[in-house]
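What follows is a set of notes on a single structure, which appears directly below.
No value in this document is a laboratory result; all are computed from the given coordinates. All values reported here derive from a predicted model rather than from experimental measurement. Cβ: placed from backbone, ideal geometry, glycine included. Neighbour counts: every protein chain shown.
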Amino acid sequence: MCASGATAEAPLPQAASAADAKQCGTALRAARRVATVGGLAFPLNVFSWNVHKVQQPAVMDEVAALANAAQLMFVQEAVPSRQLPSLVDEALFPAFAPGYVQNGTPTGVLTLSRTQHQVHCHLLALEPWLRTPKATSVTLYPLADRQEMLLAINLHAINFTFGVGDYQNQLTVLAHLMTAHDGPMIFGGDLNTWSPARQQVLQHFTSKVGLVAVPFDPDHRVTVLGRPLDHLYVRGLTWGHTTTHKVTTSDHNPLLATLLSEDS
């Protein structure tokens with residue numbers, strides 16, 4: 001599932017190594033020094049959704065409907081060979097980070113935007129038991145009429161672990177990138193917070209880098225052992241309307257939020 005065919009006057013994104021957080025940091029620093037024209041604007045409609053590897057084709061119509069009202073989209077377990085309807089394809093810029101490959105078909109995390117990213121980093125973490133990769137997409141976007149840029153991180157967290165060490169390590173890599181960023185930031189995805197220990201690690205991580213959890217009303221996020229798996233966090237931003245939708249086309253429900261600048 002990916003978009004194609006979008007055109008814009010923004011500079012092409014800088015290349016960053018698929019699995020090298022250090023090179024990602026270098027690319028992000030370089031891009032912040034480049035003047036840009038245009039970009040994403042507030043209010044910013046975003047959604048985040050794990051689409052369960054598009055096992056039900058009808059999920060594509062639902063993604064397209066959500067995308068038509070959004071400027072920034074986080075999709076987990078995306079399948080790039082499943083195309084969005086052409087109505088959406090023509091207007092979106094994709095940033096796909098492949099992770100698990102099954103029968104020659106990659107799945108991963110896909111970030112879609114109405115503005116072309118300046119940087120895209122593709123980071124990987126291995127499931128310690130299954131040895132299958134989980135992907136993270138890190139993208140940097142210009143903001144309209146602002147000198148600062150928006151850092152967007154779309155994560156599918158590792159799941160099957162004994163203890164929380166590997167989970168913590170996956171977040172620590174991102175903490176270095178977040179700490180170095182001096183503009184607004186959005187972080188979200190399927191964070192697999194199914195245990196008290198994992199939730200505690202996430203809370204410590206988000207507090208350390210200054211992220212605030214976006215609440216949802218109504219909150220229909222999928223839970224395991226009473227704990228929601230999907231989250232959206234922001235820094236340097238606030239929010240207006242938020243909601244979640246109950247669906248039958250995936251084992252997760254989409255999260256939707258309208259984000260605002262703190263000075264709006």
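Here the strands (runs of 3 or more DSSP E) wholly within the range 152-264 that include at least 1 residues being without any contact (Cβ under 8 Å) to a residue 24 or more places away in the chain are 237-244.
Each row is one residue, and each column tells you yes or no for (1) of a type outside the set (Asp, Glu); (2) within 21 Å of Pro80 (Cα to Cα); (3) touching a Leu at 6+ places or on another chain (Cβ under 6 Å); (4) surrounded by fewer than 20 Cβ atoms within 10 Å (Cβ to Cβ).
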{"site": "Pro106", "(1), (2), (3), (4)": "yes, yes, no, yes"}
{"site": "Leu112", "(1), (2), (3), (4)": "yes, yes, yes, no"}
{"site": "Val119", "(1), (2), (3), (4)": "yes, yes, yes, no"}
{"site": "Glu127", "(1), (2), (3), (4)": "no, no, no, yes"}
{"site": "Ser137", "(1), (2), (3), (4)": "yes, yes, no, no"}
{"site": "Leu143", "(1), (2), (3), (4)": "yes, no, yes, no"}
{"site": "Gln147", "(1), (2), (3), (4)": "yes, no, no, yes"}
{"site": "Asn154", "(1), (2), (3), (4)": "yes, yes, no, no"}
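Given the structure, is Val138 under 15 Å from Gln76 (Cα atoms), β-branched (Val, Ile, Thr), outside any loop (DSSP other than H, G, I, E, B) and touching a residue at least 12 places away in the same chain (Cβ under 8 Å)? Break it down stepwise before answering.
Numbers: under 15 Å from Gln76 (Cα atoms): yes; β-branched (Val, Ile, Thr): yes; outside any loop (DSSP other than H, G, I, E, B): yes; touching a residue at least 12 places away in the same chain (Cβ under 8 Å): yes.
Answer is yes for this residue.
Does at least one position in the range 55-70 carry a residue that is in contact with an Asp or Glu (Cβ under 7 Å, 6 or more places away or on another chain), more than 20 Å from Thr258 (Cα to Cα) and not in a loop (DSSP other than H, G, I, E, B)?
Looking only at the range 55-70, we keep the residues that are in contact with an Asp or Glu (Cβ under 7 Å, 6 or more places away or on another chain), and these are none.
No, the range 55-70 contains no residue that is in contact with an Asp or Glu (Cβ under 7 Å, 6 or more places away or on another chain), more than 20 Å from Thr258 (Cα to Cα) and not in a loop (DSSP other than H, G, I, E, B).
Of all the residues in the range 207-244, those that are in contact with a Gly (Cβ under 9 Å, 6 or more places away or on another chain) and loosely packed, with under 14 Cβ neighbours inside 10 Å number 1.
On the basis of being of a type in the set (Val, Ile, Thr) and farther than 15 Å from Phe74 by Cβ, does Thr161 make the cut?
Values: of a type in the set (Val, Ile, Thr): yes; farther than 15 Å from Phe74 by Cβ: yes.
Yes.
Is it the case, given these coordinates, that Thr111 is in contact with a strand residue (DSSP E or B) (Cβ under 7 Å, 6 or more places away or on another chain) and within 13 Å of Val75 (Cα to Cα)? Yes.
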